[in-house]
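First up is the structure itself, then whatever we jot down about it.
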Amino acid sequence: MNHLLRPMRLLALPGAVAMCLGACALAPTAVAPAPADATPAPAPAPSTPATTAFATFTTAATTVQGGTFDGFAYAEKAGDAGLGAVTPAAGAVRVTGFVGAAKGSTWAGIGLTVQGAPNGAAQDRSRQTTMRISLASTSAKTLRVRLVGTDAATLANGCYPVFVQAVTPELRAYDIPLAAFAAESYCGSNARTTAATLPALAAVEVTDPTVAAQRRDIDFQVGAISLPR
């Protein structure tokens, strides 16, 4: 009996294998999930540095940046200073006038105030360390450069920080460290520091403040102003 059954079992095995192979062929093949996108996200664009130009002059009545510029005269006694003309040209503004001490003034001068933006809007220049300014004078060996903020009282008492720059008759650019600016000694507790002025810088003022016993004609130029670093 056993010898009759053994061939049947042997015959059944190949059939079972065939059935299994058929079923396996019909079963769906598992698909591995696609790898996540490994492309890195684009790096953020570098921030655009603040424009370093403060005032660029043409023949127009405003700077390229939209700021105005105005000449002024001041004196301890009326009549000891007078503004002549403020004449813009490509690259610079020419300022003329006179000072004298005929009325007994101990201080007087002719100057130019240059705004850095339309309507004298304040600019944060606290990260800059240098001012580059083009100057020339045929009537003086030095010109006084002042940083001007938005506080009217400090402007009126002349206590914003200043730097006195030696100049020549030829227009040329000078790099002045902003740390070299300081309020004049008479200001005392009214002195405004450079660090306190730069976060709201509204204008730059250039003045010929030299007083003479006799009338002295003033003629100077102010060219491009920037804060390059």
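Considering every residue within the stretch 140-152, establish whether at least one is without any contact (Cβ under 8 Å) to a residue 24 or more places away in the chain, outside any strand (DSSP E or B) and under 24 Å from Ala182 (Cα atoms).
Filtering the stretch 140-152 down to residues without any contact (Cβ under 8 Å) to a residue 24 or more places away in the chain leaves 152.
From the residues that got through so far, the ones that are outside any strand (DSSP E or B) too are 152.
With the extra rule that they be under 24 Å from Ala182 (Cα atoms), the set shrinks to 152.
Within the stretch 140-152, one or more residues are without any contact (Cβ under 8 Å) to a residue 24 or more places away in the chain, outside any strand (DSSP E or B) and under 24 Å from Ala182 (Cα atoms).
Being in contact with an Asp or Glu (Cβ under 6 Å, 6 or more places away or on another chain) and modelled with pLDDT of 50 or more holds for only one residue in Gly79, Gly100, and it is Gly100. As a summary of the residue check, Ile133 satisfies the conditions (1) at pLDDT below 95; (2) touching a strand residue (DSSP E or B) at 6+ places or on another chain (Cβ under 6 Å) except for the one numbered (1).
Restricting to the stretch 92-104, count the residues that are outside any strand (DSSP E or B), in contact with a strand residue (DSSP E or B) (Cβ under 8 Å, 6 or more places away or on another chain) and open to solvent by 10 Å² or more (accessible area, probe 1.4 Å). Break it down into steps so the answer makes sense when it comes.
Let us first name the residues in the stretch 92-104 that are outside any strand (DSSP E or B), namely 100-104.
Next, only the ones that are in contact with a strand residue (DSSP E or B) (Cβ under 8 Å, 6 or more places away or on another chain) stay: 100-101, 103.
So of that shortlist, the ones also open to solvent by 10 Å² or more (accessible area, probe 1.4 Å) come out as 101, 103.
The qualifying residues number 2.
Within the stretch 172-195, the residues that satisfy the criterion of being more than 20 Å from Gly109 (Cβ to Cβ) and touching a residue at least 12 places away in the same chain (Cβ under 8 Å) are Arg172, Ala173, Asp175, Pro177, Leu178, Ala179, Ala180, Thr193, Thr194, Ala195.
Return a yes/no flag: does the stretch 153-176 have any residue that is modelled with pLDDT of 95 or more, of a type in the set (Phe, Trp, Tyr), over 23 Å from the mean Cα position of the chain (by Cα) and surrounded by 21 or more Cβ atoms within 10 Å (Cβ to Cβ). Looking through the stretch 153-176, none of the residues is modelled with pLDDT of 95 or more, of a type in the set (Phe, Trp, Tyr), over 23 Å from the mean Cα position of the chain (by Cα) and surrounded by 21 or more Cβ atoms within 10 Å (Cβ to Cβ). From the list Ala202, Ala153, Ala212, Ala195, the lone residue that is in contact with a strand residue (DSSP E or B) (Cβ under 9 Å, 6 or more places away or on another chain) and farther than 22 Å from Ala81 by Cα is Ala202.
The values are calculated or read from the model by the stated rules, or taken from the named source; none is laboratory data. Keep in mind it's a predicted model, so treat the numbers as computed, not measured. Cβ: placed from backbone, ideal geometry, glycine included. Neighbour counts: every protein chain shown. What goes into the accessible areas is simple: the full protein's heavy atoms, side chains included, and nothing from ligands, DNA or RNA. Shrake-Rupley method; radii C 1.70, N 1.55, O 1.52, S 1.80 Å.
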